[in-house]
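Student: Submitted below is the structure of interest, expressed as structure tokens.
Rule-based calculations on the coordinates, nothing more; no lab input. Source: prediction; values computed, not measured. Because the Cβ atoms are built from the backbone with ideal geometry, glycine has one as well, and the counts that use them run over all protein chains shown.
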Ligand SMILES: Nc1ncnc2c1ncn2[C@@H]1O[C@H](COP(=O)(O)OP(=O)(O)OP(=O)(O)O)[C@@H](O)[C@H]1O
Ligand SMILES: [Mg+2]
């Protein structure tokens, strides 16, 4: 199993959720976060003013998936999150060692 974590533009969340739904992904966690990338938190609009580091609002998406779905999930997120502009975000993939579905006690693949 893998945990796919993506930092994306907040207004792209609905498109991403629809793309993941098409892949039959049922569970995910979404959080409001702040972040900066290579432009150090400057948007296109203030790219001319390069004097300070700041943070922009982003959405963090976490999806636990079986190994066979990782490539499709990455592609679905990338395709649905892209605008082609700076700040489109990043996808990080972690190894996931254990999962437990609390209500049923199911584990790992069965628990996703
Ligand atoms: N190396 C990193 N580690 C952790 N989070 C990161 C990293 N790079 C980017 N992020 C997160 O992703 C968000 C979006 O990053 P962003 O898309 O601006 O990356 P970038 O490398 O600057 O690419 P681009 O040039 O397309 O803007 C950041 O606001 C931050 O939350
Ligand atoms: Mg950037």
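Student: Taking the inverse of the average 1/r across all pairs of different Cα atoms in the chain, what Kirkwood radius in Å do you get?
Tutor: Value: 15.2 Å, from the Cα pair sum.
Student: Show that you can apply the helix-only estimate: for the chain, add -39,500 (n - 2.57) for every DSSP H stretch of four or more residues, divide by all residues, and state [θ] at 222 nm to the nearest 500.
Tutor: -6000 deg cm²/dmol, from helical runs alone.
Student: Using a 7 Å offset from the Cα along the Cα-to-Cβ direction at both residue 102 and residue 70, what is the distance between the two label points in nm, to one decimal?
Tutor: With each label placed 7 Å out from Cα toward Cβ, I get 2.8 nm.
Student: For the chain, what proportion of DSSP beta bridges, expressed in % and rounded to the nearest 5, is antiparallel?
Tutor: 100 percent
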